[in-house]
Amino acid sequence: MASEETRTMTPTPTPTKTPIRTDAAGGAAEKQPATRAWATRLVIVGIVLAALNLRPAITSLGSLLEEVRDGLGMSGTLAGLLTSVPPLCFAIFGVMAPRLARRFGPSAVVCAGMVAIATGLAIRPFLGGTVGFLAASALALMGIAVSNVLMPVIVKRWFPDRVGSMTGLYSMALALGTSMAAAITVPMTDAMGGSWQSGLAVWAALAVVAVVPWVPLVRDRSAASAAPEHVSSTVRQEDADLRITRSRTAWALACFFGLQATAAYITMGWMPQIFRDAGVPAGEAGVLLAVIMAMGVPLAFVIPRVATRLPNQGPVVVVLGACGLAGYAGLYFAPAGGAWVWALLLGVSNCAFPLALTMVGMRAKSSVGVAKLSAFAQSTGYLISIPGPLLVGVLYQHSGGWGLPIALMAGLMVPQIVVGILAGRNRTVEDEVAAASAS
């Protein structure tokens with residue numbers, strides 16, 4: 001709104017300047033609290049809905065893996081390759097996320113990720129043949145990959161003083177989506193006439209819903225400035241020049257992420273089949289996978305909050321690893337007899353994922369540093385995890401049983417504990433890189 005003096009033709013007397021803000025500045029200052037409020041609420045809704053969609057593409061397939069194998073004519077080795085596709089896509093596409101976020105903004109990239117998930121899930125059962133199924137799966141997994149990397153970045157940017165609680169909320173929603181897909185995919189498939197194509201495609205609807213809250217954030221550019229990050233110019237410069245590969249903590253975190261991802265994707269891809277081969281009915285096997293994933297619903301909210309209150313997260317790593325070792329031992333000796341107990345123990349062990357995400361947010365000083373650390377840890381970690389599900393398929397096919405695959409899972413838990421302890425030490429990647437450069 002123009003001031004009175006700009007509408008007055010008389011040049012004198014000159015009015016006394018007052019500290020009244022211009023309309024542009026004043027309007028921005030007046031609108032910012034309201035903008036901040038609605039944008040914050042929308043970001044929370046968007047984070048929850050996005051997290052719900054980050055695993056159904058995988059666990060729904062695990063529940064129907066036998067039907068998909070029969071329908072597409074897959075061998076056990078090829079099915080193992082199929083279970084290795086998620087970490088491969090996460091490694092390849094996840095590394096692109098920080099660059100895409102710098103160019104288009106994190107909200108726009110996550111929104112596009114939800115669109116990719118919806119499209120890939122809708123078309124993959126109907127393209128015909130293994131190649132088409134894999135290509136459409138890769139499209140959905142690309143959307144999951146970039147969203148995986150950017151979720152900790154968005155949390156650090158919008159909620160720097162609530163990293164633990166917001167990571168817990170996000171992880172809880174992720175666990176809920178994972179367990180929900182595992183539990184109800186088989187019953188939904190039966191209700192829709194027994195077509196595995198329909199049972200897989202129905203999950204595209206959830207991804208469509210997740211697009212909605214991100215659209216206003218993408219269209220309203222002011223929402224990006226509604227979450228200013230208060231970090232020093234020194235930290236900004238450190239993170240701009242950060243060579244993440246020079247940090248030992250970054251490498252430890254990448255290895256920890258990779259080993260917990262190996263366990264998670266073996267579990268999501270093969271656990272129902274392990275139970276089914278032990279004599280557990282298909283429906284119950286899906287529910288057991290749901291139980292494993294459902295343990296993450298309460299624990300994924302609690303563990304990040306506990307982790308942020310500890311100077312060192314090593315003890316949490318040890319407890320989760322011990323539960324995993326106990327669960328694999330039970331699965332080896334009495335897979336059907338104690339199935340529910342082993343599912344509960346493995347569910348606790350699987351909560352290494354929200355712990356890893358929390359440590360990503362804690363081991364860097366700003367959202368830029370978190371973006372680089374998240375991309376490095378997740379991309380490198382998922383590369384490490386690629387051979388695991390494939391090797392399980394090969395061992396299962398050539399040994400004719402689950403003894404060797406389960407022994408492999410248990411054996412990988414030991415180095416996971418070791419690198420998790422190293423990643424949990426109280427330090428930041430910026431300080432480590434600076435010390436390495438000075439030496």
Could you do me a favour and compute the accessible area per residue for region 321-439, 1.4 Å probe, result in Å²? 36
How would 124, 309, 103 rank on accessible area, largest to smallest, probe 1.4 Å? 103, 309, 124
Extending each Cα 7 Å along its Cβ direction at residue 408 and residue 195, get the distance between those two points in nm, one decimal. 3.5
Accessible area per residue of region 137-183 at 1.4 Å probe, in Å²? 22
Among 349-359, 420-430, 283-293, what's the highest-first ranking by average C-beta atoms within 10 angstrom per residue? 349-359, 283-293, 420-430
Sticking with the crude label model, points 7 Å out along Cα→Cβ, report the distance from residue 399 to residue 431 in nm, one decimal please. 4.3
Quick check: net charge around residue 427, other residues with Cβ under 13 Å of its Cβ, Lys/Arg +1 and Asp/Glu -1? +1
Can you run phi through the Karplus equation (6.51, -1.76, 1.60; θ = phi - 60°) for region 161-172 and list ³J(HN,Hα) in whole Hz, with x for Gly and Pro? 9, 9, 4, x, 5, 6, 5, x, 4, 4, 5, 5
Using a 1.4 Å probe on the protein heavy atoms only, what accessible surface does residue 119 show? Give it in Å² to the nearest 10. 60
Rounded to two decimal places and with Rh computed the Kirkwood way over Cα pairs, what is Rg over Rh for region 100-215? 1.03
I'm a student and want to see the number: the projected area of the Cα convex hull of region 289-336, averaged over all directions, in nm². 3.7
Quickly work out the residue 103-to-residue 319 label distance, labels modelled 7 Å from Cα along the C-beta direction, and quote it in nm with one decimal. 4.4
Semi-axes of region 312-439's equivalent ellipsoid from the Cα gyration tensor, sqrt of 5 times each eigenvalue, largest first, rounded to whole Å? 33, 17, 12
Here the gain from full extension of residue 284 to residue 41, 0.36 nm per residue of separation minus their alpha-carbon distance, amounts to 83.7 nm
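The values are calculated or read from the model by the stated rules, or taken from the named source; none is laboratory data. Not measured: the values here are computed from a predicted model. Methodologically, a virtual Cβ is constructed for each residue, glycine included, from the backbone with ideal geometry; neighbour enumeration extends over all protein chains shown. All accessible areas refer to the heavy atoms of the entire protein, side chains included, with ligands and DNA or RNA removed. Shrake-Rupley method; radii C 1.70, N 1.55, O 1.52, S 1.80 Å.
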